[in-house]
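A short write-up of the structure that comes next.
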Amino acid sequence: MEVIDCHVHITASGHWFDTPYDASVRKLKDEMRHAGITQAILIPFAHVSTDDIRFCLDLAKKQPKKFAVAPQIDVANLSLLTGYEDVVAGLKVHPSLQQVDPTSQAVCEILDTASSMGKPVIFDTIMQSPTIPMRLLDPSVFDELAKTYCDVTFVLAHSCWPRLLDAYTLAKANPNVYLDLSYFGKIAEGTHLLHDFCCLLDRLDQKVIFGTDFPEVDMKAYHNLWNRYLQPLPKKKRERIFSGNAHEVFNL
């Protein structure tokens, strides 16, 4: 079964903030090989380093069958994407890291840009931030955005953890909203919350996309975890989650 990882981070230096995680290309390729992952969407952060944006774009340009890019970028830096349009799979907004209200003018400008480009927007939706009030990260905020920007496809990274059931309802209610499975399975494994969420995925297989959140997650272990939780689903539904939906949403 083909497996695409829609949520991966690498840096030019191989460092990942102030953590011991290895975010190098070498480490990523090694983990992709061991996990049986054929393609990955790279998510660099312009607000951390525009060098990482260029690094990821150049890598995808050289290996377009293996990598695509969904950068976190603001409108002032959009010129960085010139000449790389064919490997840009989408755009990313990370409210807590960027310390920005998801409904702010800066984010609306990115949504307008995504609309004009015909690209999806990946939103980090973990409800945790030392600076952004929790009410601004509530799933209802993304529900309103999705209804306002109905021509933009939203991918809710981490499925609004820990509000997984709200995320399920949000995706069911909005044709342009998808959920990604990255990171939160590492925290929620073995809990009733994750079990209940997985029981509902039989009704949501066309709106869920696999991702890991490398380098903070071991790709093989994470793929095995979701393979185990999703095993009760028919093969065709698992194929949609592990690759089919990513092909359609990100035009891979």
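The table that follows gives values for the structure above.
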{"item": "Extreme residue, surrounded by the fewest Cβ atoms within 10 Å (Cβ to Cβ), among residues of segment 74-102 that are among the small types (G, A, S) and within 16 Å of I43 (Cβ to Cβ)", "result": "S96"}
{"item": "Residue check, S49 in contact (Cβ under 8 Å) with a residue 40 or more places away in the chain and within 30 Å of R135 (Cα to Cα)", "result": "no"}
{"item": "Segment 70-92, residues that are part of a loop (DSSP other than H, G, I, E, B) and either in contact (Cβ under 8 Å) with a residue 24 or more places away in the chain or charged (D, E, K, R) (or both)", "result": "A70, P71, I73, D74, Y84, A89, G90"}
{"item": "Residue match in segment 54-69 (condition: within 17 Å of the chain's Cα centre (by Cα) and in a loop (DSSP other than H, G, I, E, B))", "result": "yes"}
{"item": "Failed item, numbered, when V25 is tested on (1) of a type in the set (A, V, I, L, M, F, W, C); (2) in contact (Cβ under 8 Å) with a residue 40 or more places away in the chain; (3) farther than 25 Å from F154 by Cα", "result": "(2)"}
{"item": "Within segment 111-128, considering residues that are of a type outside the set (D, E) and assigned to a helix (DSSP H, G or I), the one most open to solvent (accessible area, probe 1.4 Å)", "result": "S116"}
{"item": "C108 part of a loop (DSSP other than H, G, I, E, B), farther than 25 Å from V8 by Cβ, open to solvent by 10 Å² or more (accessible area, probe 1.4 Å) and of a type outside the set (F, W, Y)", "result": "no"}
{"item": "Output for segment 200-237, where each listed residue is under 18 Å from the mean Cα position of the chain (by Cα), charged (D, E, K, R) and in a helix (DSSP H, G or I)", "result": "D205, K207, K220"}
{"item": "Residue in segment 200-225 that is most open to solvent (accessible area, probe 1.4 Å), counting only those that are farther than 23 Å from D18 by Cα and in contact with an Asp or Glu (Cβ under 7 Å, 6 or more places away or on another chain)", "result": "K220"}
{"item": "Segment 98-154 - residue that is at pLDDT 95 or above and touching a His at 6+ places or on another chain (Cβ under 9 Å) and, of those, nearest to V87 (Cα to Cα)", "result": "I122"}
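The values are calculated or read from the model by the stated rules, or taken from the named source; none is laboratory data. Since this is a predicted model, take the numbers as computed values, not measurements. Cβ sites come from the backbone with ideal geometry, for glycine too, and all protein chains shown count toward neighbours. Areas reflect the complete protein model, heavy atoms only, side chains present, ligands, DNA and RNA absent. Shrake-Rupley method; radii C 1.70, N 1.55, O 1.52, S 1.80 Å.
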